[in-house]
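Q: Following this message is one structure expressed as structure tokens.
Values quoted throughout were computed directly from the atomic coordinates according to the rules given, and no laboratory measurement underlies them. Predicted, not measured: the structure shown is a model, and the values here were computed from it. No Cβ is skipped: glycine too gets one built from the backbone with ideal geometry, and neighbour counts run over all protein chains shown.
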Amino acid sequence: MVKDPAKHREEQRRYRAKHLEKIRAKEREPAFRERKKQWMIDHPETMAESRRKYRAKHKEAIDAYNGAWRLAHREHIAEYQRKRYPEKRDAILAQGRAYKLVNRDKVRRQEAAHRLVKKSINAIRHNPEDVYRVVSRAVSAALPRFMRDDVINSMLLAVLEGELLLQNVAARVKDYLGRYNQQYDTFKTLSLDAPMGGTDLRRIDLLEAPAPYEPEEDEEDPDMVMLRGGQSLWR
């Protein structure tokens, strides 16, 4: 009779918890370590699959740990790279060329995304007024002034840090509004069609739509030209 894998793992966990000290003492024995090392050498595919599953399950924790380690040892890493690159320059360049050849489409997508991020950052650095107008028009004027200003500032900071692309400003407003609502419990998402207390009026009946931006005749909005990727001095 085949034992249920989930039940078997649960029994193993209970046994290990009950005999933890005994198991750890055995694992510290040299003979046990040698057997374990030899088993890992004899089963590379099993070990690779186990590592892959572990990384997939604990990706966020691993990324956080690696990021903290690199931040704490950035000087050591820079020194290592400075010494290693001259010695391994040809091998490193050859490895990079081989990777690009095998993953050509992936590399092109990454390079295109990097160019869009760089373009958005350059735009807010050199044309902050234009970017502010673009974000301001995307955020509803029906919001309370202080709330609207906070959302606009959060989006501008995201553009500056490369998190938000200019062409995605209108589509991402809801995300940043949701973050604001999660941070401040006073403001919850309410239905505009819900009736107000004690009246038959709906909230939407009290809102006035802001006047749309209308450029003059034969004049195109320069901010929208920038959003569509038009010519700019700051490319």
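Q: Can you tell me how much longer the chain between LYS18 and TYR85 gets when fully stretched, taken as 0.36 nm per residue apart minus their C-alpha distance, in nm with one decimal? Please list the in-between numbers first.
A: On the way: separation 67, 0.36 × 67 = 24.12 nm, distance 5.09 nm.
Additional length available on full extension: 19.0 nm.
Q: Obtain the nm distance between the two label points defined at LYS106 and GLU129 by a simple spin-label model: each point lies 7 Å from its Cα along the Cα-to-C-beta direction.
A: A separation of 4.5 nm, rounded to one decimal place.
Q: Of all the Cα-Cα pairs you can form in region 76-171, what percent are over 18 Å apart? All intermediate terms of the calculation are to be shown ahead of the outcome.
A: On the way: 2840 of 4560 pairs.
Distances greater than 18 Å cover 62 percent of the Cα pairs.
Q: State, to one decimal in nm, how far the label point of GLU163 lies from the label point of ASP205, with both points 7 Å from Cα in the Cβ direction.
A: Placing both labels 7 Å along Cα→Cβ, they lie 3.9 nm apart.
Q: How much FRET efficiency would the formula 1/(1 + (r/R0)^6) give for LYS53 and ASN153, where r is the Cβ-Cβ distance and R0 is 41 Å, rounded to 0.05?
A: On the way: r = 42 Å, r/R0 = 1.01.
Approximately 0.50, to the nearest 0.05.
Q: Using modelled backbone amide H atoms (1.01 Å from N, in-plane), which distant-in-sequence or interchain residues come within less than 5 Å of LEU164's amide H?
A: Amide H neighbours of LEU164, under 5 Å, 5+ apart: VAL159.
Q: Which FRET efficiency value, to the nearest 0.05, is calculated for LYS26 and TYR65 with the Förster distance at 30 angstrom and r the Cβ-Cβ distance?
A: Computed FRET efficiency for LYS26 and TYR65: 0.60.
Q: Is any residue of region 82-110 close enough, with backbone N under 17 Å, to a label point placed 7 angstrom from the Cα of HIS73 along the Cα-Cβ axis, and if so, which?
A: Answer for region 82-110: 82-85.
Q: Which entries in LYS3/LYS37; LYS53/LYS119; LYS18/LYS57; LYS83/LYS119; LYS57/LYS83; LYS3/LYS53 show an alpha-carbon gap greater than 30 Å? Write down the numbers at each step before the final one.
A: On the way: LYS3/LYS37 28 Å; LYS53/LYS119 37 Å; LYS18/LYS57 26 Å; LYS83/LYS119 33 Å; LYS57/LYS83 35 Å; LYS3/LYS53 23 Å.
Too far apart for the 30 Å limit: LYS53/LYS119; LYS83/LYS119; LYS57/LYS83.
Q: At 0.36 nm per residue, and after removing the present C-alpha to C-alpha distance, how many nm does the segment from ASN122 to LEU143 gain when stretched out fully?
A: Details: separation 21, 0.36 × 21 = 7.56 nm, distance 2.91 nm.
Here the answer is 4.7 nm.
Q: Could you tell me the convex hull volume per residue, in Å³, taken over the Cα atoms of region 62-104? Each step should come with its number before you reach the end.
A: On the way: hull volume 3.7 nm³, N = 43.
Cα convex hull per residue, to the nearest whole number: 85 Å³.
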